[in-house]
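Comments concern the structure below.
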Amino acid sequence: MGNATIPATTMDNDEKQGSPPAMLKLAAAMRRLLRTKDFNSITTAEISRTAGANEALIYRYFKDKRGLLHQVLYDYLLDFHTEVQNEINAVPDALGKLKCLIRTHIRMYDSNRVFARILLLEVRNFPAYFESTTYRLVKGYGKMVSDIIVDGVAAGEIRDDVPVSRIRDLILGGIEHFCIAEVIFNHKLAVDETAGHLCELLFSGIKAESVAGGKDPAAAAGF
């Protein structure tokens, strides 16, 4: 079975560490402000004041406030992808990897609400997001999910009569719909229960017949 990984992007943690100090301060200030304020209510003057940096540097490094938001999301996604990758690497089978990925994804939405709100609520209504490096990283995560599914089909764990893209979209869309109300209203997510319900519904539909009639290989990644 292949080893699904998130494709490389144009910026990694080493590059981030080599960024100008003011750039890092502005991103940190935006993260800090987003913990208590809505993005639209945050001004560039407030960001620069919180960062202790010149307001003009926002436009130099990020073009505008929304570009800064994309950078903050990018930084969160790097950490998110690393955590998911570390979790799934310890699981041998495809269904187990998917179960682990779903739980880790939901846990990250619960533990980092700034990340969850940016990704679910703030960026998708603006075309520039879909042309950004940040979105390429999101697409890389989707490819990793697809690769796991492809491995599962090849191993006979996952049915082969449904397009991989449909299964991927069902998984990622299911995670979002199970979590979005709690993110909007800032309610606590029951991580294990939510992941368990989603996995039970998903796996009953995507398991190959030979797996559905026998032992659940995803049990190896039980909660």
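Bear in mind these aren't lab numbers, they're just calculated from the coordinates by the rules spelled out. Remember, it's a predicted structure, so these values are computed and weren't measured experimentally. When we count neighbours, we look across all protein chains shown, and the Cβ atoms used for this are built from the backbone with ideal geometry, even at glycine.
Brief remarks follow.
- Taking the numbered list (1) of a type outside the set (Val, Ile, Thr); (2) assigned to a helix (DSSP H, G or I); (3) closer than 26 Å to Ile206 by Cβ; (4) touching a residue at least 40 places away in the same chain (Cβ under 8 Å) in turn, Leu73 passes all entries but (3).
- Taken over the stretch 65-112, the criterion of being among the small types (Gly, Ala, Ser), closer than 22 Å to Leu189 by Cα and surrounded by fewer than 18 Cβ atoms within 10 Å (Cβ to Cβ) is satisfied by Ser111 alone.
- Any chance Val84 is within 13 Å of Tyr141 (Cβ to Cβ) and assigned to a helix (DSSP H, G or I): yes
- Any hit, the stretch 162-178, residues being among the polar types (S, T, N, Q), out of contact with any strand residue (DSSP E or B) (no Cβ under 8 Å at 6 or more places or on another chain) and buried (at least 21 other Cβ atoms within 10 Å of the Cβ): no
- Whichever residue in the stretch 149-176 is touching a residue at least 12 places away in the same chain (Cβ under 8 Å) and under 24 Å from Asp110 (Cα atoms) and, among such residues, is farthest from the chain's Cα centre (by Cα): Ile167
- Those residues of the stretch 39-74 which are within 20 Å of the chain's Cα centre (by Cα) and more than 17 Å from Thr133 (Cβ to Cβ), in sequence order: Phe39
- The numbered conditions (1) aliphatic (A, V, I, L, M); (2) surrounded by 19 or more Cβ atoms within 10 Å (Cβ to Cβ); (3) over 20 Å from Arg113 (Cβ atoms) are all true for Leu24 except (2).
- Residue selection: Arg113 satisfies the criterion of being within 30 Å of Thr36 (Cα to Cα) and among the basic types (Lys, Arg).
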